[in-house]
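Report on the following structure.
All of the numbers you see were taken from the coordinates with simple rules; none came from a lab. Small disclaimer: the values here were computed from a predicted structure and weren't measured. Cβ coordinates were reconstructed from backbone atoms using ideal geometry, including for glycine residues, and neighbour counts include every protein chain displayed.
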């Protein structure tokens, strides 16, 4: 299998995985940072991950009547770099046209 | 509704919720602490929670061939205190006879 | 421990658990029924559950640009009955004032 | 972006997503079939998916003291086909050497 294809596959796995692992987590602007760290640590353990940066858009949080929010797909702003052999894939998960889109930014 | 019953209901909600939110997270002895903190922060946001302490038993982690583990139900060691009116419920989630058991410790 | 308190605790566990297990699932009005069945089957396996009825409010689904939706907390309409000893707890998870509220309906 | 790379990325997303969405679900040999159907329906809604077949290995279930099991990563046996432009990617999630491995089977 071509390394570039494999690197893209691995990036897809990690983005799909983190989305469904973390969506629904009770969250607030004050706790967002610990969730970002927990996501980065969890993804960073997985094979072929070179770099991972997770940011949660706290401006999209609407607090419920109990004063907190829930991590929604549209809040994710994630960049990941995977590497297989000498191929490197940069991909992201980010809100685009109201949809939390996962896309490849570049393959080297 | 009796406050003691309500406090027990709320404790059950939080334990059931955190179990299914976090189980499956990629984890290692080195990253366990950030997951514990993230769990405590998330649960602490929810209504009627007075106190929450989450600990993950790293000794039960068996590393896969890629060098990490996955958060399993048996690894949870969680104590929660909920309060409704003047009633306080202490409950826990902990491995007991090979089953990650949620149980009430006391109601005051 | 009083059976009524225990029954309420068990109902809370199941509602909290199903919410966080299933929220985020890709869904559409056409597939909602299989998800309802899967939820009912999963919850029905757990201890102390006498009855479970899960319904997903398809009218609250807004389809994304790819033509599907995602199971959100506000879509749940769930009734559960737990029994411990001779105590029976009826509880529900349902949208109330924009919040997916879990509450006890009655304890017998 | 090359269509083959894109098809592999999409296959990765779907496998990573379903794994973390469904792992932890209470399950038994009797209810496995509804979970398989629910997974297939959910994944089938997502963009670029041509075909999806989910099977859960009931032989790997060990029943707990309450008579049920929990969906674990090792139980998954999933085949997915994604298509982007004229490129088709076949991939799977299946236990290999004790690890629930996601891999590309072929790209056409």
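What to note about this one:
- Scanning region A:1-29 for residues that are facing chain D (nearest Cβ under 7 Å) and either over 19 Å from residue A:89 (Cα atoms) or assigned to a loop (DSSP other than H, G, I, E, B) (or both) yields A:1, A:20, A:21.
- Scanning region B:30-52 for residues that are more than 26 Å from residue D:64 (Cα to Cα), more than 8 Å from chain A (Cβ to nearest Cβ) and touching a helix residue (DSSP H, G or I) at 6+ places or on another chain (Cβ under 7 Å) yields a count of 3.
- Take the conditions (1) in contact with a strand residue (DSSP E or B) (Cβ under 8 Å, 6 or more places away or on another chain); (2) farther than 19 Å from residue B:19 by Cα; (3) surrounded by fewer than 23 Cβ atoms within 10 Å (Cβ to Cβ); (4) more than 10 Å from chain B (Cβ to nearest Cβ); residue C:103 misses just one of them, which is (4).
- Check on residue D:91, buried (at least 19 other Cβ atoms within 10 Å of the Cβ), assigned to a strand (DSSP E or B), within 14 Å of chain A (Cβ to nearest Cβ) and in contact with a helix residue (DSSP H, G or I) (Cβ under 7 Å, 6 or more places away or on another chain): yes
- When region D:74-83 is filtered for residues that are buried (at least 21 other Cβ atoms within 10 Å of the Cβ) and more than 17 Å from residue D:45 (Cβ to Cβ), the ones remaining, listed by number, are D:75, D:76.
- Qualifying residue in region C:57-69 (condition: within 12 Å of chain B (Cβ to nearest Cβ) and either free of Cβ contacts under 8 Å to residues at least 40 places away in the same chain or in contact with a helix residue (DSSP H, G or I) (Cβ under 7 Å, 6 or more places away or on another chain) (or both)): no
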